[in-house]
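Participant: Sharing a structure below in structure tokens format, with a few things to ask.
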Amino acid sequence: MIPILFGITIIFPFLYKYSFVITNQFSQIPIILSFMNNNYLINDWYVNSGRDFGPRTIFAWYMAQTAKVISLPGTFFLHYLLYIFLIIYSSFRLSYLLFKNKFIALITSLTILFGTSITLGGNILVSNDFSAPQLPLGLSLLGIVLIIEKKYLLSAVIFAITSYLHPHFGFEGAVLFYGITIIIMIKSKGKIQNLITRTFLPYFLFTLPVIVLYTKEVLSNSVSGIDKLNILAYMRNSHHYVPSTWTIYNYVQFIVFLSIFVLIIIFFKKRFKSFLLNFFLLSTLVIIILCFLGFFFTEIYPLYFITALQPFRLTLYLYWIGIIIIIGTSLSLALEKKYIYSPLLLIPIFISNLRPPNLTSKTHFLAFLIACFLIIFFYKIPKKIFILFLLAYYSLFRYHDIFNFSSYIYFPTEETNLALWAKANTPPDSVFLIPPKFEKFRLIANRAIVVDWKAFPFQEKAMLEWAKRICTIGNIPNCNFRYITMQKVIDGYYEEKAEQILKLRQKYNFNYFISDRYYPELPSIYNNRHYVYTFPDKTD
């Protein structure tokens with residue numbers, strides 16, 4: 001079965017339309033490039049701050065070292081394959097543990113790969129790009145499976161590696177699922193000595209260096225807790241941290257999914273071993289409690305330490321476990337052929353991507369026909385043919401997307417055209433003041449910038465510097481971080497007067513200024529709706 005999983009892993013990026021850069025990479029890759037070349041954008045404050053220790057520093061350093069050997073696009077693509085393999089391999093192993101059927105385990109794993117994540121806080125399990133949280137997420141899923149299989153020492157190694165790459169999935173995942181295992185073992189009067197000696201102690205020893213580094217960062221107290229909370233949660237990442245900003249539909253969707261998952265466990269509990277049943281139910285309960293704590297200590301009684309743990313990210317684990325239970329149970333019941341309507345139990349597979357087919361689209365209509373065919377003839381189609389048709393079904397929804405292995409430009413835009421012009425027509429050491437929404441400019445132009453909205457540093461001092469720069473270029477003198485939005489900053493930026501631009505130049509010493517507003521007082525050298533203004537000398 002491993003060769004089949006490898007084969008699916010290899011073809012998945014072409015079916016799902018992998019892309020080298022989409023959005024997060026425009027802030028990650030400059031830090032990686034700075035580790036590859038100490039002279040890369042040395043006058044860019046964000047790039048310089050990225051070399052200091054923070055949650056993503058080790059990831060950036062690691063990617064830089066591998067990129068020196070196989071190129072940056074190559075290392076991104078290979079790690080994307082590794083991340084996809086970890087997802088499908090972990091999903092297959094857990095599904096097989098539950099249902100003892102390779103066909104069910106494979107279909108369930110494919111559904112996870114192509115399906116839409118149902119979580120809180122906008123977190124997703126599988127995407128068509130590679131970013132910092134994904135490899136550690138895949139490793140943490142494997143770590144969970146190893147815990148269930150009682151391969152404690154190996155799980156400790158996996159979670160230790162994860163902790164170096166990403167503290168949320170590493171430390172939080174390890175504490176959460178090891179803690180749950182201990183509670184279950186105590187309740188069942190099992191021996192926990194092996195779990196402690198083969199798991200906690202090795203894990204602690206493996207992660208001690210990074211624990212010291214994170215402790216030093218947390219205890220620095222260089223920025224007040226309320227400022228850090230307001231900047232991180234309310235100003236920059238409300239879509240991940242602040243529950244009051246999420247839509248009612250998001251909550252309804254998650255609650256319905258969670259209810260179906262729990263009801264299946266309750267009604268079909270005899271199908272699951274007692275340890276697995278307790279593990280899933282206790283995991284669900286603990287994660288929901290942590291989400292309530294996250295809500296309370298973000299919205300009611302703000303406490304930075306709790307908010308920074310981002311407990312809503314843990315709902316990714318609930319989605320992963322839940323979709324395996326839902327799809328696996330549905331398939332298991334369908335294969336038993338107990339009911340005349342049994343083939344209809346396949347429907348969850350075809351609605352897992354949450355994309356209602358647009359029947360006016362030829363590709364969507366064809367996908368709809370494939371789904372109907374597979375449901376109607378489920379018992380007559382060979383399993384291998386079913387899998388091939390299922391892959392075709394999922395890939396049709398991404399038929400018109402673009403596979404992008406190495407280009408920084410997914411498709412040309414006004415911003416990318418301007419960035420290419422800047423790269424070709426300005427000195428390499430130039431500094432630009434750009435619109436906050438221009439997230440692609442720094443990487444494509446290969447030029448330093450004052451600040452943009454997307455490239456957010458997670459180091460404490462740099463986090464505060466980012467927020468101050470954003471307020472300054474957004475013409476917001478009384479900057480209450482809790483109430484700053486990207487749109488306010490963009491509006492303020494485009495309303496700047498010429499004399500304000502000159503004051504900003506004195507503060508940040510930039511050489512070029514970009515705006516869609518025409519300033520007759522400033523010399524313009526380029527226009528594609530946005531104007532590029534130049535200044536003769538840095539000291540003017």
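Participant: Quick one: what does P(r) look like for the range 1-89 with 5 Å bins over all Cα pairs, in whole %?
Facilitator: Answer for the range 1-89: a P(r) of 3, 14, 21, 20, 17, 12, 7, 5, 2, 1, 0 percent.
Participant: Measuring from centroid to centroid over Cα atoms, what is the spacing of the range 61-125 and the range 173-242 in Å?
Facilitator: The range 61-125 and the range 173-242 have Cα centres separated by 23 Å.
Participant: Quick one: grab Rg to one decimal and Dmax as a whole number for the range 414-534, Cα atoms only, in Å.
Facilitator: Spelled out, the Cα radius of gyration and Dmax of the range 414-534 are 13.7, 40 Å.
Participant: For K507, which lysines qualify as cross-link partners when the Cα separation must be under 28 Å and same-chain residues fewer than eight apart are set aside?
Facilitator: K228, K423, K437, K440, K454, K461, K468, K488, K497, K538
Participant: Now, a different point. Using modelled backbone amide H atoms (1.01 Å from N, in-plane), which distant-in-sequence or interchain residues come within less than 5 Å of V431's amide H?
Facilitator: Answer set, sorted by chain and number: N511, Y512.
Participant: With unit charges on the beta carbon (Lys/Arg positive, Asp/Glu negative), name the residue among F171, Y301, Y394 whose Cα is farthest towards the positive pole of the charge dipole of the chain.
Facilitator: About the Cα centre, the residue reaching furthest to the positive side is Y394.
Participant: For the chain, what is the mean residue ellipticity at 222 nm derived from helices alone (per DSSP H run of n ≥ 4: -39500 (n - 2.57); sum divided by total residues; nearest 500 deg cm²/dmol)? Intermediate values should be presented prior to the final figure.
Facilitator: On the way: 24 runs with 311 residues, N = 540.
So the calculated ellipticity at 222 nm is -18000 deg cm²/dmol.
Participant: Also, quick follow-up: Go through the chain and flag any cysteine with no other cysteine's C-beta closer than 4.7 Å, please.
Facilitator: C291, C372
Participant: In what sequence do V451, V532, V69, V126 fall when counting other Cβ within 10 Å, fewest first?
Facilitator: Ascending Cβ contact count within 10 Å gives the list V69, V126, V532, V451.
Participant: Right, here's the next one. What list of whole percents do you get for P(r) of the range 308-388, with Cα-Cα distances grouped in 5 Å bins up to the one holding the largest distance?
Facilitator: All Cα pairs, binned at 5 Å, distribute as 3, 13, 18, 21, 16, 13, 8, 5, 3, 1, 0 percent.
Participant: Report the rotationally averaged projected area of the range 2-350 based on its alpha-carbon convex hull, in square nanometres. Numbers along the way, then the final one.
Facilitator: Details: hull surface 76.0 nm².
Hull-based average projected area comes out at 19.0 nm².
Participant: Return the distance in nm (one decimal) between the two label points of a simple spin-label model at L354 and V212, each offset 7 Å from Cα along Cα→Cβ.
Facilitator: 4.4
Participant: Roughly how many nanometres apart are two label points built 7 Å out from the Cα toward the Cβ at Q506 and S342?
Facilitator: A separation of 8.1 nm, rounded to one decimal place.
Participant: When the dipole is taken about the Cα centre of the range 344-417, and only Lys, Arg (+1) and Asp, Glu (-1) are charged at their Cβ, what size is it in debye, to the nearest 20?
Facilitator: On the way: 6 positive and 3 negative charges, 115 e Å.
With Lys and Arg at +1 and Asp and Glu at -1, about 560 debye.
Participant: Among D52, D227, which comes first, second and so on when ranked by fewest other beta-carbon atoms within 10 Å? Intermediate results must be reported in sequence, preceding the final value.
Facilitator: Details: D52 13, D227 17.
Least crowded to most crowded, the residues run D52, D227.
Participant: To continue, here is another question. Using a Förster distance of 45 angstrom, determine the FRET efficiency expected from the C-beta separation of D516 and F275, and round it to 0.05.
Facilitator: Plugging the Cβ-Cβ distance into 1/(1 + (r/R0)^6) gives 0.15.
Participant: At a 10 Å Cβ-Cβ cut-off, how would you order K423, K383, fewest neighbours first?
Facilitator: Values: K423 15, K383 11.
Lowest to highest Cβ neighbour count: K383, K423.
Participant: Here's another thing I want to ask about it. First measure r as the distance between the Cβ atoms of T413 and I226, then evaluate 1/(1 + (r/R0)^6) with R0 = 35 Å and state the FRET efficiency to the nearest 0.05.
Facilitator: Numbers: r = 38 Å, r/R0 = 1.07.
The formula returns an efficiency of 0.40 here.
Participant: Between S259 and L293, what's the calculated FRET efficiency when r is the beta-carbon distance and R0 is 25 Å? Round to 0.05.
Facilitator: On the way: r = 21 Å, r/R0 = 0.85.
Once the sixth-power term is evaluated, E becomes 0.70.
Participant: So what are the ³J(HN,Hα) numbers for the range 241-248, from phi and the Karplus equation (6.51, -1.76, 1.60; θ = phi - 60°), rounded to whole Hz, Gly and Pro as x?
Facilitator: 10, 9, x, 5, 8, 8, 6, 4
Bear in mind these aren't lab numbers, they're just calculated from the coordinates by the rules spelled out. Source: prediction; values computed, not measured. When we count neighbours, we look across all protein chains shown, and the Cβ atoms used for this are built from the backbone with ideal geometry, even at glycine.
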